[in-house]
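Just below is one structure, and these are the notes that go with it.
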Amino acid sequence: MLLENKVVIVTGGGQGLGRAFALRMAAEGAKIVIAEINAEKAEAVAEELTGLGHKSLALPTDVSDQDSANAMAKATVDAFGQVDVLVNNAAIYYGLEMKPFEEISLQEWQRLMAVNVDGLFLCARAVVPFMRQQGSGRIINMTSGSFHLPVPGISHYITSKGAVIGFTRALACELGEEGITVNAIAPGFTMSEASKVLAGPELAEAIASRQAIKRSEQPEDLVGAMVFLASDDSAFLTGQTLTVDGGTSYH
Ligand SMILES: NC(=O)c1ccc[n+]([C@@H]2O[C@H](COP(=O)([O-])OP(=O)(O)OC[C@H]3O[C@@H](n4cnc5c(N)ncnc54)[C@H](O)[C@@H]3O)[C@@H](O)[C@H]2O)c1
């Protein structure tokens with residue numbers, strides 16, 4: 001197993017891609033902390049993992065709140081003794097309304113940045129002191145293929161995902177000497193509940209037809225890349241964004 005006894009925090013692990021990452025990483029031997037703003041969903045995924053015989057903990061967390069992020073890191077170490085991997089997956093994506101940029105209010109823009117950008121910063125800052133003590137760690141940030149191939153109507157989201165790539169590179173060069181790697185995954189349009197709400201089946205089919213692999217991307221298509229970036233196999237790889245989109249963008 002590639003993640004035997006690793007302690008992994010998955011932010012926003014209560015549904016969608018986060019849940020898929022949690023299930024697969026647990027199957028690879030990891031102990032999983034579901035750090036999620038929706039306490040009921042966090043509990044449900046943690047129970048699902050426990051039912052499958054894995055070690056898991058639900059931690060209701062708001063990644064955009066400094067105290068909450070710090071409490072998440074401390075509670076993880078209190079429960080499992082260490083923190084090896086942070087998956088910065090939480091974001092405002094579900095329920096995103098597509099609209100021209102002038103119709104996005106400043107409040108809406110700032111709330112999205114607070115979760116999608118500040119959240120990464122706060123969670124990384126909360127876990128790094130523990131990783132530094134251990135002399136090892138993995139931080140994996142979720143960006144989006146929409147940064148490379150933008151679409152109209154979600155300018156705040158696309159901007160936030162560009163910041164994720166910038167933060168990934170900046171942090172990688174600060175933490176490399178301490179055995180901590182920082183990478184990002186850029187999925188294509190993936191059929192999570194959130195994507196199904198955002199766009200209908202016609203758009204999903206149109207997107208799939210532009211891929212080299214002509215079927216809709218599923219959350220499970222991303223878990224192999226996540227396990228690799230979390231494992232010891234990726235020890236010399238940092239600052240990178242791995243695009244997993246069925247061959248839509250080549251760059
Ligand atoms: N699904 C896609 O097509 C796609 C494509 C590219 C990138 N992504 C990225 O992958 C990640 C997961 O996507 P998804 O489709 O599962 O989205 P999602 O919206 O279903 O999941 C996000 C999770 O984050 C949680 N969350 C929101 N705000 C939070 C906060 N302040 N603190 C803690 N948790 C919070 C939500 O409750 C939810 O469980 C996101 O970062 C998203 O931007 C998704």
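The values are calculated or read from the model by the stated rules, or taken from the named source; none is laboratory data. Bear in mind that the values here come from a model prediction, so they are computed numbers and not experimental data. In this analysis, Cβ positions are derived from the backbone assuming ideal geometry, glycine residues included, and neighbour counts consider all displayed protein chains. With ligands, DNA and RNA removed, areas are computed over all heavy atoms of the protein, side chains included. Shrake-Rupley method; radii C 1.70, N 1.55, O 1.52, S 1.80 Å.
A compact table of results
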{"quantity": "Mean projected area in nm² (Cα convex hull; one quarter of hull surface) for the range 208-251", "calculated": "3.6 nm²"}
{"quantity": "Helix 66-80 vs. the chain, principal-axis angle (Cα, 0 to 90°, nearest 10)", "calculated": "50 degrees"}
{"quantity": "Within the range 7-243: Cβ-based charge dipole about Cα centre, in debye rounded to nearest 20 (Lys, Arg +1; Asp, Glu -1)", "calculated": "360 debye"}
{"quantity": "Solvent-accessible area per residue, Å², over the chain with all protein chains present [probe radius 1.4 Å]", "calculated": "46 Å²"}
{"quantity": "Neighbour net charge for Leu149 - beta-carbon separation under 12 angstrom, K R +1, D E -1", "calculated": "+1"}
{"quantity": "The range 114-239 - convex hull of alpha carbons, volume per residue in Å³", "calculated": "116 Å³"}
{"quantity": "Sites matching trypsin sites (Lys or Arg not before Pro) across the range 162-251 that sit in DSSP coil, with at most 16 neighbouring C-beta atoms within 10 Å", "calculated": "Lys214, Arg215"}
{"quantity": "Debye intensity ratio I(q)/I(0), log10, the range 133-173, q values 0.16, 0.18, 0.21, 0.26 Å⁻¹ (C-alpha model)", "calculated": "-0.47, -0.55, -0.67, -0.87"}
{"quantity": "Cross-link pairs beyond the 28 Å C-alpha cut-off, checked among Lys161/Lys214; Lys74/Lys196; Lys55/Lys161; Lys161/Lys196", "calculated": "Lys74/Lys196; Lys55/Lys161"}
{"quantity": "Sulfur and carbon atoms: percent of accessible area, the range 125-237 [1.4 Å]", "calculated": "58 percent"}
{"quantity": "The chain - Debye-derived log10 I(q)/I(0), Cα point model, q = 0.07, 0.13 Å⁻¹", "calculated": "-0.21, -0.76"}
{"quantity": "Apportionment of accessible area to carbon and sulfur, the range 1-65, percent (1.4 Å)", "calculated": "48 percent"}
{"quantity": "The range 1-119: C-alpha gyration tensor shape, a/c 1.5 cut-off, then a/b vs b/c", "calculated": "prolate"}
{"quantity": "Rounded Å value of the spacing that divides the Cα centres of the range 64-115 and the range 143-163", "calculated": "16 Å"}
{"quantity": "Sparse-neighbour loop sites [GluC sites (Glu not before Pro); the range 1-65; at most 14 other C-beta within 10 Å; DSSP]", "calculated": "Glu4"}
{"quantity": "The range 75-107: GluC sites (Glu not before Pro) in DSSP coil with no more than 16 other Cβ atoms inside 10 Å", "calculated": "Glu97"}
